[in-house]
Amino acid sequence: MVRVMPPTERAKRPIAIVTGASRGIGKSVALRLAEQGAHVFACARSSSTGEARSHGDGWIEHRHLDVTDHGQCRALCSDITGEHGSIDILVNNAAVYLEGPGPSSGRKFLTLPWDAISGTVLTNLLAQMDLVHATLPIMISRGYGRIVNVSSGMGRFVELNGYAVAYRTSKAAINAFTRSVADTVGDLDILINAVCPGWTATAMGGPDAPRQPDRAAEGIVWAATLPAGGITGALLRDGEHFGW
């Protein structure tokens, strides 16, 4: 039986938002955070909004959210803050890969439809910036926050090449954004990092990827629950600096 959380207990729990949480890495992250005692809003376009359900020591509450819809993002943050008084953790996991398979050479980028290019940047960069822009003032008001922007080693400058140009560009940009915005709150207990989960067997990564979602989620959850004085403004993988 699913128990009902009383208001006194609700007020004590860290409040987390995880996007792209209906499957894969995002689902694993949401479940792990709930197991550690958080009240997790597991958000996805394919999810239906529902009641909070107990999971482990915490709670999972599914919310429908299209991260590319500015109004939906702002309404979500406003509703959560109004009900719970805070947003303590943001995991920007939702992302798309719209360029399809292909060789690492040639000029494939020039044949991509504009919708694929703009859609990649909108989801992988601007949507993440939008949610950070919405949640960071809430965290500043409380003097605490943890933000994880799920990125990729494909966005590291040392790995850039002609394969997946739009995807690589969006991830390189979110890395730069992470480092820059972390500096704006460097005097507070608000830690903001980008995390590369590694090549993972998801709908995006494909069945040949060597990592499973639960393994990929470990580094993300680690960054989302760092203690005071932890790493900030970095690109991380498996709890270590990954370099730019």
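Ellipticity at 222 nm from helices only: DSSP H runs of n ≥ 4 in the chain, each -39500 (n - 2.57), divided by the residue count, give -11000 deg cm²/dmol. A simple spin-label model places the labels of residue 36 and residue 209 2.0 nm from each other, with each point 7 Å out along Cα-to-Cβ. Axis angle, to the nearest 10 degrees, between helix 127-142 and the longest C-alpha principal axis of the chain: 30 degrees.
Please report the antiparallel percentage of the DSSP beta bridges confined to the stretch 34-103, to the nearest 5. Given both bridge residues lie in the stretch 34-103, the antiparallel proportion sits at roughly 35 percent. A straight chain from residue 111 to residue 161 at 0.36 nm per residue would run longer than the Cα-Cα distance by 16.3 nm. Once the C-beta distance of residue 49 and residue 188 is scaled by a Förster radius of 25 Å, the resulting FRET efficiency is 0.20 to the nearest 0.05. Specify the angular offset, from 0 to 90 degrees and rounded to the nearest 10, of the alpha carbon long axis of helix 213-224 from the longest principal axis of the alpha carbons in the chain. With rounding to tens, the tilt is 60 degrees.
Can you list the lysines whose alpha carbon sits under 26 Å from that of residue 12, skipping same-chain ones fewer than 8 residues off? Within the straight-line limit of under 26 Å, residue 12 reaches these lysines: 27.
Quick one: helix 24-35 against the long Cα principal axis of the chain, what's the angle to the nearest 10°, folded into 0 to 90? Around 20 degrees separate the two axes. Ranked by how many other Cβ atoms sit within 10 Å of their own Cβ, fewest first, the residues 204, 154 fall in the order 204, 154.
With a Förster radius of 41 Å applied to the C-beta separation of residue 57 and residue 129, the computed FRET efficiency comes to 0.80.
Just so you know, all these numbers are worked out from the coordinates, no wet-lab data involved. Treat the numbers as computed from the prediction; the structure is a model and nothing was measured. A quick note on method: Cβ atoms are made from the backbone with ideal geometry, for glycine too, and the neighbour counts reach across all protein chains shown.
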